[in-house]
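All remarks here apply to the structure that follows.
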Amino acid sequence: MSPDSRDPAPDRFANAGDIDLTGLTETQLNILASMAEAMRVPVDVSDTDGSDLASVTFIEAMSNLLTLHHAQHEEPLNKKSFEYLFKTCLIASGRPAQMNPSPGDESWDIREADMRWSLKTEAAKGISPNMIRIEKLMEARWVRESNTPAQCAREVRLRLPQHMRDYDRILVLRAFARPGAYLYELVEVPKDLLVRAFTTARPADFEKQGSSISFGANFSGSDGKRIFRMLLDSSVEKIRLWYQRDSARVHGRWLVQVDRAQEAQQNAIEA
């Protein structure tokens, strides 16, 4: 998305002089100017067709916020940064949203109207383009006591659907390193499919592979093709998930020019 293709500014911003900058120091004004210069760097956006999230305003807000993040940081967004970014993008789209004030009580991260979102990030160096990896679907101390396939199946049928009642949708922000850039991919793992799989888990699904101390299970569709694998990781007491990307919903991809954004901001500050 180039600057020229973005939505025109609202009337109240038609003239930069309408923005009250009274009282800001020269340093503060220089920082604002440098941020504006960074946002002039185009972001290449793709694969947003059919998304109920990626409105024009959402796309622009996400493009700008990702650019501003990388104008100052080499590293991709972590989970907490993603929460703030996603909330801001929803609000910019006219969808009032809030962060979870008590994450220990309920496991949703962002709420908008009657929709509760669980957010995840993935940015490992060896990230797979074809497999979505969720490092922690939930904390699970109980996996240490699940010593047989029958116990694993029973606990999964009971605990996973109960945990997932706290949210309605699962969104993963994936970050792929590119030369001088980061490619971000926003994908949704269908909650309903996971819940159906967990509620029908059978002892025969669970086994230990190789020298692993933890039980895992593969879940397939009606055609026999594997959709995801789960691991009851007793070493860290959490549920891990590997989900086939072609069975997920893509909401968009953003190619952020990190080097150019940093250079634009630095040049503006030094000017």
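Hey, could you check segment 67-90 for residues that are among the polar types (S, T, N, Q) and in contact with a strand residue (DSSP E or B) (Cβ under 8 Å, 6 or more places away or on another chain) and say which is nearest to ARG253 (Cα to Cα)?
Per the stated criteria, the residue is THR67.
Let me confirm something: among LEU186, LEU171, LEU193, which residue is in contact with a Gly (Cβ under 7 Å, 6 or more places away or on another chain) and either touching a residue at least 40 places away in the same chain (Cβ under 8 Å) or aromatic (Phe, Trp, Tyr) (or both)?
Result of the check over LEU186, LEU171, LEU193: LEU186.
If you check SER93 against the conditions, is it of a type in the set (S, T, N, Q) and more than 27 Å from ASP246 (Cα to Cα)?
Taking the combined requirement at face value, the residue satisfies it.
Test of understanding: among TRP254, TRP242, which residue is modelled with pLDDT of 95 or more, more than 19 Å from ALA217 (Cα to Cα) and either crowded, with 17+ Cβ neighbours inside 10 Å or aromatic (Phe, Trp, Tyr) (or both)?
TRP254
Looking only at strands (runs of 3 or more DSSP E) that lie completely in segment 147-231, which have at least 3 residues being of a type outside the set (Gly, Ala, Ser), crowded, with 20+ Cβ neighbours inside 10 Å and at pLDDT 95 or above?
Qualifying strands (runs of 3 or more DSSP E): 169-178, 181-189.
Consider GLU135 against the criteria (1) of a type in the set (Asp, Glu); (2) at pLDDT below 95; (3) surrounded by 13 or more Cβ atoms within 10 Å (Cβ to Cβ): it satisfies all of them except one. Which criterion is unmet?
(2)
Going through ILE31, ILE19 one at a time, which residue ends up being on the phi < 0 side of the Ramachandran plot and at pLDDT below 85?
Selected residue: ILE19, the only one of ILE31, ILE19 that is on the phi < 0 side of the Ramachandran plot and at pLDDT below 85.
Can you tell me which residue within segment 43-74, out of those that are within 14 Å of ASP259 (Cβ to Cβ) and at pLDDT below 95, is surrounded by the most Cβ atoms within 10 Å (Cβ to Cβ)?
Checking each candidate, the answer is ALA71.
Give me the residue from segment 232-247 that is in a strand (DSSP E or B) and not aliphatic (A, V, I, L, M) and, out of that set, farthest from LEU186 (Cα to Cα).
ASP233
The values are calculated or read from the model by the stated rules, or taken from the named source; none is laboratory data. All of these numbers come straight from a predicted model, not from anything done at the bench. So basically every Cβ, Gly included, is an ideal-geometry build from the backbone, and we count neighbours across all protein chains shown.
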